[in-house]
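Engineer: Take a look at the following structure, please.
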Amino acid sequence: MAEFDEGLCACLSDLPSCLFVCFIPGGFCCLQAKAVDKATGEGLLVPYIFPCLTFCIGAAFNRGKIRNKYRIEGNFVTDCLIEWLCSLCAVTQEYREVNRREGKS
């Protein structure tokens, strides 16, 4: 198992995503849903609704899908803590990671 190649606190390396998550209402859920869909091909609706309704629990569930797809170390409890304490950085990290592994589009 590996770790995320993209750093958790490296959100400024992708400034447009960082600004989108910070200043657009619902941007957090949109960006994470896009990353999960690109990684798993499951669609946008469910990954969008999870963090909207259950915040860090749903976001952690989405993060787990990305971790499982790329065999990245971690667990649900750690994902919950990361999403609760540093959700904006976590979502941009997931988005950058998926774009790097799947090719940006």
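The numbers here are math on the coordinates, done by the rules we state, and not lab data. What you are looking at is a predicted structure, and each value in this text was computed from that prediction instead of being measured. Because the Cβ atoms are built from the backbone with ideal geometry, glycine has one as well, and the counts that use them run over all protein chains shown.
Engineer: With label points built 7 Å along Cα→Cβ from the Cα atoms of C22 and M1, find their separation and express it in nm.
Structural biologist: About 3.2 nm, to one decimal.
Engineer: Given Cα pairs under 8 Å that are at least 6 residues apart, what percent is the relative contact order of the chain? Could you put the intermediate results ahead of the total?
Structural biologist: On the way: 136 pairs, mean separation 38.2, N = 105.
In percent, rounded to a whole number, it is 36.
Engineer: Right, next: Using the Cβ atoms and a cut-off under 13 Å, what net charge is assigned to the surroundings of C86, where Lys and Arg are +1 and Asp and Glu are -1?
Structural biologist: Details: positive: R63; negative: D79, E83, E94.
That works out to -2.
Engineer: Mind giving me the FRET efficiency for S13 and T54? R0 is 25 Å, r the Cβ-Cβ distance, nearest 0.05 is fine.
Structural biologist: Numbers: r = 29 Å, r/R0 = 1.15.
E(calc), rounded to 0.05, equals 0.30.
Engineer: Now, a different point. With equal scatterers on the alpha carbons only and no solvent term, can you work out the Debye log10 of I(q)/I(0) for the stretch 11-102 at 0.10, 0.14, 0.22 1/Å?
Structural biologist: After summing over all Cα pairs, the log10 values are -0.20, -0.40, -1.08.
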